[in-house]
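Shown next, in C-alpha cells, is the structure this report addresses.
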Amino acid sequence: MAAVADVPLNVVILGPPGAGKGTQAERFARDHGIPKVSTGDILREAVTAGTALGRQVKALMDRGDLVSDDLMIGIVEERLARSDARSGFVLDGFPRTVEQARALDELLAKRGPVVVVEVQVPDEELVRRVRSRRICSKCGRLVSAFGSDGAAERCSYCGGELVARSDDAESVVRDRLKVYWRATRPMIAFYSQRPTYRAVDGAQAPERVREAVVEAVAAAIGRPVAGLKHGQAAQPESKA
Ligand code: AMP
C-alpha cells in the first residue's frame with residue numbers, strides 16, 4: 001500500500017445528537033493521528049471555565065438552540081489554523097447549517113477535499129440513547145451508558161463524578177432533534193450530491209460503525225485510509 005504524501009485527511013462526521021458521532025470521531029482521529037475538533041466540547045469547556053464565550057452560549061446550549069454561525073465559524077477557523085490540524089482533522093458537531101458548510105468550504109479551499117460521513121440513527125433510538133448518557137463533571141468526557149443496565153457512577157479515566165448533561169433531558173433532546181433536522185437537513189442536502197459524501201448505519205454496534213466509517217472515508221477518497229500520510233502522534237482525546 002503506497003503512502004500518498006501530503007494528502008490531508010479532512011473529515012466531517014455528521015449526525016444527530018446521540019448518533020455516536022463523537023465516539024466515532026474520537027476513534028477515527030486517534031487511529032489516524034489527527035485531532036478531533038468537537039465544537040460541542042469547545043463550548044462546554046468554555047462554559048465550565050466561565051469564559052466570556054461560555055457565558056455567552058450557556059443559555060442557548062441549555063435550551064438546545066444553536067449558537068450563531070458567525071461565532072461558530074470563527075471558533076473553527078481559529079482551531080483548524082493550528083499546526084496539529086495541518087495533516088487533517090475530524091470535525092464533530094460542525095458544520096450544522098448550510099452557512100457553516102459554505103464557510104468550511106472556503107476555509108478548506110487550499111487544503112484538499114473534505115470527506116463527509118453522516119451517521120444515521122432513527123430518532124426514537126436517539127432519544128433512548130441520549131437519556132442514558134452521562135458526562136464526567138471533572139474532565140468532560142462523555143460516557144455512553146446505553147446498552148448497559150446500570151450506568152457507571154465514576155469516570156473510568158479520572159474518577160470524576162458522572163452527571164447527566166444539562167441539555168440531555170428528554171424534552172430538550174426532542175427539541176435538539178427538531179433543531180437538528182430543521183437546520184441540518186438542508187446542509188445534508190448541500191453535501192449529499194458530492195462524491196465525497198457517504199452515509200453509514202449508526203444503529204449497528206459501535207465497532208461495526210467504526211469499520212463502516214473507515215470504509216466510507218476510503219471509498220470517498222478512492223484509496224485505503226491507512227495508505228495516507230498523517231501527522232505523527234495520535235491525540236489523547238483532543239477536546240479542542
Ligand atoms: P453537541 O455536543 O455537538 O451536541 O453540541 C452541544 C450544543 O452546542 C448544541 O446543542 C449547540 O447549542 C452548540 N453547538 C455545538 N456545535 C455547534 C455548531 N456547529 N453550530 C451551532 N451550535 C453548536
GLY22 within 17 Å of the chain's Cα centre (by Cα), touching a residue at least 12 places away in the same chain (Cβ under 8 Å) and more than 8 Å from the ligand (Cβ to nearest atom): no
For the range 28-54, enumerate the residues that are of a type in the set (Ser, Thr, Tyr) and open to solvent by less than 20 Å² (accessible area, probe 1.4 Å). SER38, THR39
Number of the exception - ARG141 against (1) touching a helix residue (DSSP H, G or I) at 6+ places or on another chain (Cβ under 8 Å); (2) over 19 Å from GLY64 (Cβ atoms); (3) within 14 Å of the ligand (Cβ to nearest atom): (1)
Residues in the range 38-58: is at least one touching a strand residue (DSSP E or B) at 6+ places or on another chain (Cβ under 7 Å), near the ligand (Cβ under 9 Å from one of its atoms) and closer than 26 Å to ALA109 by Cβ? yes
From the option list LEU104, LEU80, LEU91, single residue qualifying as of a type outside the set (Gly, Ala, Ser), touching a Pro at 6+ places or on another chain (Cβ under 6 Å) and closer than 27 Å to GLU211 by Cα is LEU104
What is the number of the single condition among (1) in contact with a Phe, Trp or Tyr (Cβ under 6 Å, 6 or more places away or on another chain); (2) modelled with pLDDT under 95 that TYR197 does not meet? (2)
Considering only the range 58-104, state which residues are surrounded by fewer than 20 Cβ atoms within 10 Å (Cβ to Cβ) and in a strand (DSSP E or B). none
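Residue-wise test of (1) in contact with a Gly (Cβ under 6 Å, 6 or more places away or on another chain); (2) at pLDDT 80 or above; (3) on the phi > 0 side of the Ramachandran plot; (4) surrounded by 18 or more Cβ atoms within 10 Å (Cβ to Cβ).
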| site | (1), (2), (3), (4) |
| --- | --- |
| ARG134 | no, yes, no, yes |
| PHE146 | no, no, no, no |
| GLY159 | no, yes, yes, no |
| GLN193 | no, yes, no, no |
| PRO224 | no, yes, no, no |
| PRO236 | no, no, no, no |
The one condition ARG182 fails out of (1) assigned to a helix (DSSP H, G or I); (2) touching a Leu at 6+ places or on another chain (Cβ under 9 Å); (3) open to solvent by 60 Å² or more (accessible area, probe 1.4 Å) is (2)
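The values are calculated or read from the model by the stated rules, or taken from the named source; none is laboratory data. Since the model is a prediction, treat every value here as computed from it, not as a measurement. Every residue, glycine as well, gets a Cβ built from its backbone with ideal geometry; the counts of neighbours run over all protein chains shown. What goes into the accessible areas is simple: the full protein's heavy atoms, side chains included, and nothing from ligands, DNA or RNA. Shrake-Rupley method; radii C 1.70, N 1.55, O 1.52, S 1.80 Å.
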